[in-house]
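Next up is a structure, given as structure tokens.
The values are calculated or read from the model by the stated rules, or taken from the named source; none is laboratory data. Quantities reported herein were computed from a predicted structural model and do not represent experimental measurements. Backbone-built Cβ (ideal geometry, glycine too); neighbour counts: all protein chains shown. Accessible surface is based on the protein model in full, side chains and every heavy atom, while ligands, DNA and RNA are left aside. Shrake-Rupley method; radii C 1.70, N 1.55, O 1.52, S 1.80 Å.
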Amino acid sequence: MDKKQLELNLLKGCLEGLPQAQEAFYEHFAPKMFAICLRYASGYHIAEDLLQEGFIKVFRNLYKYRGDGSFEGWVRRIFVNTAIENYRKANNSYRFLELETIHHIPTNENIICQLKANDLLNLVQKLPDGYRLVFNLYCIEGLSHKEIASKLKISTGTSKSQLARSRVYLKKLIEEQTANEENNIRRIGSIIPEFST
Amino acid sequence: MKKTTSEELDQLFQNSLHNLEVNPREENWNKINDQLKHFGADNIIKSKLEEIELKPNHLQKTAILKKINTKLVLDRYLKIAAGLFVLIGIFYFSNPPQQENIALVDNLDYVFDDEEVIGYAVCKDPILVSLDLNKAKVTTIKKKKRKKKSSIKSKQLLDYILEEDENVEGSLDPDILASILAPASALPFENMTVSNEDYNSIYYGDRVKEMYPLPEIEILISIPLQILEDHEIADLLAH
């Protein structure tokens, strides 16, 4: 059974109210959706709340899916919109940070490439809310600045500036992280000489 | 920041995170499942209701069409009424009604003696207003005290005449006397006019022009008719 057929069967089972189908549906989509929640949330527990809220919304609105387009894409959109709504509720309005100065931070590309997905996820979570939102929508979801502006009800200029600042902020975080790691290695090396070599 | 570096950074994050999968804790499903139990049935009903299509009865269609037609007719009448109302309004405002022919009557008692002027009108144009004394109501508004005063005056005049010639009664022609003693209503109409021109020009100046003609003027005049006693008149007429 291919992925599309599996998803349609799960959808049908959920619409009939079968508990097994609902659980299977959750098992199928939860890992991907939780990764999305982690990207948009500033912490693990907030991501869990988003996951629960998102799945409840999906189950409640399953009958609205008309079968046009990817079902996974439809579910994904619900989770992204839930994250945006959550952000809106938390901030009452979209507040985007303005860094006083944007310094060019030289980064070693090799260092970035060495980072694992989990490290990158942690870095994204450390971004301020507004930066994280725009960065996720642009870099990961692939939306244009115009689409982001329309979705968040901001100007395209704000979207662009927030993205630029989020990149600078990420590089700064990467630099700090690598610096900390090097310090840790040096500290351990001073204690255990074999480790430094 | 170089563009290539930014793009590479974006690309790195996208490749790493777009298809990232992280297993959530089992507790999450338990919480979701608890909430699903509450609206599971609703979801089924909703989806079933979405599929239902009912064709309305043809009678309902006729009734709806009838209602729509009635409403359209009513709307048309309302529009016509509104149009008429607007037209009347325009006509009214473009042709304001002439000012009512109301005389501005000021109390000018201080100008004249009480006995001479009782009622009067100030007119817009300084024109002569004819007074038909036949129609004018002649009443005595003065108190008895004033009557006595005029009567006393008349008697004094008579006394003066009688002092000149005590036989004046015999020399008087009864016809002449009758004509003299005729009531005011029988007086000739000629020259029985009143004008407001004089005192207007004196006391009002240009303001006279702003006033309006009075169609009817009630003039109350007190005329001392009782010159002789009744029996004296009767005696005179007997001659």
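Taking interchain pairs and intrachain pairs at least six residues apart, which have beta carbon atoms under 6 angstrom, with the first residue in segment A:17-42 and within 7 Å of chain B (Cβ to nearest Cβ) and the second among the acidic types (D, E)?
Hits for this filter: A:P31/B:E21; A:K32/B:E21; A:A35/B:E21.
If I go through segment A:35-73 residue by residue, how many of them are over 25 Å from A:V124 (Cα atoms) and assigned to a loop (DSSP other than H, G, I, E, B)?
Here the count works out to 7.
Moving on. Would you confirm whether or not segment A:21-33 contains a residue that is closer than 30 Å to A:I154 by Cα and either of a type in the set (D, E, K, R) or under 13 Å from the mean Cα position of the chain (by Cα) (or both)?
Taking every residue of segment A:21-33 in turn, at least one turns out to be closer than 30 Å to A:I154 by Cα and either of a type in the set (D, E, K, R) or under 13 Å from the mean Cα position of the chain (by Cα) (or both).
Given the options B:L59, B:L84, B:L65, name the one that is more than 10 Å from chain A (Cβ to nearest Cβ) and either modelled with pLDDT of 85 or more or in contact with a Leu (Cβ under 6 Å, 6 or more places away or on another chain) (or both).
Every option except B:L84 fails the conditions.
Select from segment A:17-34 the residues that are assigned to a helix (DSSP H, G or I) and farther than 11 Å from A:R76 by Cα and list them in ascending order.
A:P19, A:Q20, A:A21, A:Q22, A:E23, A:A24, A:F25, A:Y26, A:E27, A:H28, A:P31
If we keep just the residues of segment B:1-24 that are at pLDDT 85 or above and open to solvent by 90 Å² or more (accessible area, probe 1.4 Å), which is nearest to the other protein chains (Cβ to nearest Cβ)?
B:E21
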